[in-house]
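The values are calculated or read from the model by the stated rules, or taken from the named source; none is laboratory data. Since the model is a prediction, treat every value here as computed from it, not as a measurement. All Cβ positions, glycine included, derive from the backbone under ideal geometry; neighbour counts span all protein chains shown.
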Amino acid sequence: MTPARLPRWILVLAAVGGLFVVLPLVAMALRVDWVHFVPLVTSESARAALLLSLRTSISATMLCVVFGVPMALVLARTSFRGQRILRSLVLLPLVLPPVVGGIALLYTFGRRGLLGGTLEALGVDIAFSTTAVVLSQAFVALPFLVLSLEGALRTVGTRYEAVGATLGATRWTVLRRITLPLVLPALISGAVLSFARALGEFGATLTFAGSLQGTTRTLPLEIYLQRETDPDAAVALSLILVVVAIAVVGAAHRVRPLGSLAPARPVAPALRRAVDTH
C-alpha cells in the first residue's frame, strides 16, 4: 500500500507528539537501578501488590463484561426518552477525577452510605476491602467497554439481525449467533482496554478502599508509597507497570486493529446456523 501523502507540518507535529509520549518513558527507563532491579521488584510488598492488582483487575474486567455488554446493547439497539442523558452518565467516569468516583462509591457502599447501612445489617462490609478495590476499578473501566462496543454495534447496523429475524430466529438466537459474533473483536478490545484501565487505577481505589498491604494496596498505590521512601523501588515498579500495560494494549491491537469491524466469522454461515438452531 502506498503511504498517504501528508503535509510536512503534519509529520512534524506527529513526531513531536510521539516524542512527548515516548521521552518520559525513556527517561524513566534510564533512571532504573538495573543492578538492584530484580530485588526491588521481587520484594514481598511488590509481589503482593502486583498479584492483588492482577487479581482485582481481572475481576473488575469480568464485571465490565457482564454489565457493559447489556448496557451497550440497550444504548445501541433501543431508543427511549432520556437516552442521551443516560449515555452521558454511563460515560461520566471517563471525565471525572478518579478521587471523585471514589467519594461517590464511599457514600454509596460505605458504612454511612446510601446502601452501606443495609449491607452492614446483612453482614456485608465493602468499604476498605478487596471488594472495594474491584468496584473502584470497574467504576472507572466500565465506560471503555461500553463506548467501544456501542460504537461497533452502531457501525455494523441491524441488517444481518433483521435477516435472521425474518428467517425465523428468536431474539436470543440472533443475539448469540449473529450480533455478538459480528462485534466480537470490539468486545475483546474493549475488555482488554478495561483491564488496562483497571490495572492502573489509583485515585478511586485509595479513596474507597484505602491502602492495606495484601488487601487493598494495588501496584499503583505501592508505587506512590515507595516514591516517598525508596525512589529506586518506585521507578522499578513503575517500569513493570508500563511493561504490563504495553503488553495488554498490544494484545488488544493484535486481536484486531481497534476500529476494524469486519465480522469475526462469515455472516452467511452464522445466519444459517441461527435458522437451523431455531
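When Thr131, Thr155 are checked against the criterion of being part of a helix (DSSP H, G or I), in contact (Cβ under 8 Å) with a residue 24 or more places away in the chain and out of contact with any helix residue (DSSP H, G or I) (no Cβ under 8 Å at 6 or more places or on another chain), Thr155 stands alone in meeting it.
Counted as qualifying within segment 183-253 are the helices (runs of 4 or more DSSP H) with 3 or more residues that are more than 19 Å from the chain's Cα centre (by Cα) and either surrounded by fewer than 17 Cβ atoms within 10 Å (Cβ to Cβ) or small (Gly, Ala, Ser) (or both), namely 219-229. Between Gly101, Gly123, Gly113, the distinction of being surrounded by fewer than 23 Cβ atoms within 10 Å (Cβ to Cβ), part of a helix (DSSP H, G or I) and either more than 21 Å from the chain's Cα centre (by Cα) or in contact (Cβ under 8 Å) with a residue 12 or more places away in the chain (or both) belongs to Gly101 only. When you scan segment 34-47, do you find a residue that is at pLDDT below 95 and part of a loop (DSSP other than H, G, I, E, B), even just one? Looking for residues that are at pLDDT below 95 and part of a loop (DSSP other than H, G, I, E, B), one finds at least one in segment 34-47, hence yes. If the condition is being over 30 Å from Ile178 (Cβ atoms) and either surrounded by fewer than 20 Cβ atoms within 10 Å (Cβ to Cβ) or hydroxyl-bearing (Ser, Thr, Tyr) (or both), then segment 126-154 contributes Phe128, Ser129, Thr130, Thr131, Ser136. Report, by residue number, each residue of segment 34-54 that is of a type outside the set (S, T, N, Q) and free of Cβ contacts under 8 Å to residues at least 40 places away in the same chain. Listed by number, the residues that qualify are Trp34, Val35, Val38, Pro39, Glu44, Arg47, Leu51. Would you confirm, using the coordinates I've provided, whether Val74 is within 27 Å of Glu150 (Cα to Cα), surrounded by 12 or more Cβ atoms within 10 Å (Cβ to Cβ) and free of Cβ contacts under 8 Å to residues at least 40 places away in the same chain? Yes; evaluated as a whole, the condition is true for this residue.
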